[in-house]
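The values are calculated or read from the model by the stated rules, or taken from the named source; none is laboratory data. From a predicted model like this one, the values you see are computed outputs, not experimental measurements. Every residue, glycine as well, gets a Cβ built from its backbone with ideal geometry; the counts of neighbours run over all protein chains shown. The accessibility values were calculated without ligands, DNA or RNA, using every heavy atom of the protein model including side chains. Shrake-Rupley method; radii C 1.70, N 1.55, O 1.52, S 1.80 Å.
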Amino acid sequence: MITLYHCINARSFRPLWAMEEMGLSYTLKMLPFPPRVLAPEYLEINPLGTIPAFFDGDTFMTESTAICQYLAGRYGPTSLNVLPDEKAYGAFENFMHYGDTTLTFPQTLVLRYRDLEEGERKNPQIVDDYTRWFFNRLRTIERIVANEPYICAGRFTMADIAVSYALLLAGTLGLADNFKEPIKDYWKRLTARDGFKRADARQIFEQKKMEEGKS
Ligand SMILES: N[C@@H](CCC(=O)N[C@@H](CS)C(=O)NCC(=O)O)C(=O)O
């Protein structure tokens with residue numbers, strides 16, 4: 001039985017979306033953000049305090065893109081995976097990592113030094129620099145999706161989930177208005193998917209339940 005610990009629109013949205021695309025059943029446990037501060041008991045489950053935490057029997061994982069790869073490998077075959085004998089295999093592996101290590105890294109600094117830190121620890125210089133850095137890092141994606149519907153392999157894959165989470169986070173951070181047209185169209189294409197809509201509806205439903213439980 002799969003259990004995913006999730007905060008609304010956090011990186012755990014990647015495996016949540018992947019599971020909906022694959023039609024898997026799972027338990028979703030919502031937490032307030034950041035759980036390290038607002039739900040310190042979560043540190044017993046994941047000593048890192050980060051989201052996601054994912055359990056499947058004895059398997060425990062904390063990296064959102066690795067969980068997507070695990071799901072494809074463990075519960076496939078699925079068209080969301082790209083196999084070693086496919087031409088796009090290298091690009092697929094590249095974008096599975098690019099999504100978090102390259103794209104969301106600068107966004108994390110914007111979130112922290114603009115929204116999470118207090119008083120003098122806020123830092124507009126870091127926010128400006130890393131906002132610019134994020135948009136520069138989108139260029140690789142822009143170039144591809146200007147000519148292709150998806151990031152690799154000519155079909156929707158886990159790599160689209162890995163990469164496009166950064167677009168979701170950009171929306172949360174108020175940066176999405178600055179997307180160039182190809183990125184806006186790519187994001188529209190992805191969010192029109194039934195799997196995306198189901199994942200979003202599920203997180204909103206569970207978030208409401210969590211909030212009602214508290215009031
Ligand atoms: N590389 C990890 C990063 C996990 C991560 O940093 N998650 C954020 C939420 S999107 C988090 O838990 N931040 C709160 C904290 O660090 O206390 C992944 O891709 O899952």
What are the residues in the stretch 203-215 that are surrounded by 16 or more Cβ atoms within 10 Å (Cβ to Cβ) and out of contact with any strand residue (DSSP E or B) (no Cβ under 6 Å at 6 or more places or on another chain), if any? GLN203
Name every residue in the stretch 9-37 that is open to solvent by 10 Å² or more (accessible area, probe 1.4 Å) and more than 10 Å from the ligand (Cβ to nearest atom), in order of residue number. GLU20, GLU21, MET22, GLY23, LEU24, SER25, TYR26, THR27, LEU28, LYS29, MET30, PRO32
Find the residue count for the stretch 132-148, including only residues that are assigned to a loop (DSSP other than H, G, I, E, B) and more than 19 Å from the chain's Cα centre (by Cα). 3
Tell me, please, whether a residue that is at pLDDT 95 or above, within 16 Å of the ligand (Cβ to nearest atom) and surrounded by fewer than 16 Cβ atoms within 10 Å (Cβ to Cβ) can be found in the stretch 127-136. no
Only listed residue being open to solvent by 30 Å² or more (accessible area, probe 1.4 Å) and within 16 Å of the ligand (Cβ to nearest atom), chosen from GLU181, GLU118, GLU148: GLU118
Search the stretch 45-69 for residues being more than 9 Å from the ligand (Cβ to nearest atom) and small (Gly, Ala, Ser), and hand back the single one that is least open to solvent (accessible area, probe 1.4 Å). ALA53
Would you check if there is a residue in the stretch 165-178 being among the acidic types (Asp, Glu), open to solvent by 60 Å² or more (accessible area, probe 1.4 Å) and over 30 Å from ASP85 (Cα atoms)? yes
Matching residues, the stretch 184-202, being closer than 26 Å to ALA39 by Cβ and open to solvent by 70 Å² or more (accessible area, probe 1.4 Å): ARG198
Enumerate the pairs (first residue in the stretch 191-215 and among the polar types (S, T, N, Q); second residue anywhere and open to solvent by 50 Å² or more (accessible area, probe 1.4 Å)) with beta-carbon separation below 7 Å, excluding pairs fewer than 6 apart on the same chain, so at least 6 apart or on different chains. GLN203/ILE8; GLN207/ILE8
Would you confirm whether or not the stretch 70-88 contains a residue that is within 12 Å of the ligand (Cβ to nearest atom), in contact with a helix residue (DSSP H, G or I) (Cβ under 9 Å, 6 or more places away or on another chain) and of a type outside the set (D, E, K, R)? no
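Just checking: which of the helices (runs of 4 or more DSSP H) contained wholly in the stretch 150-215 hold 3 or more residues that are aliphatic (A, V, I, L, M)?
158-172, 194-214
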Test: residue in the stretch 82-97 that is crowded, with 18+ Cβ neighbours inside 10 Å, of a type in the set (Ser, Thr, Tyr) and out of contact with any Ser or Thr (no Cβ under 6 Å at 6 or more places or on another chain): no
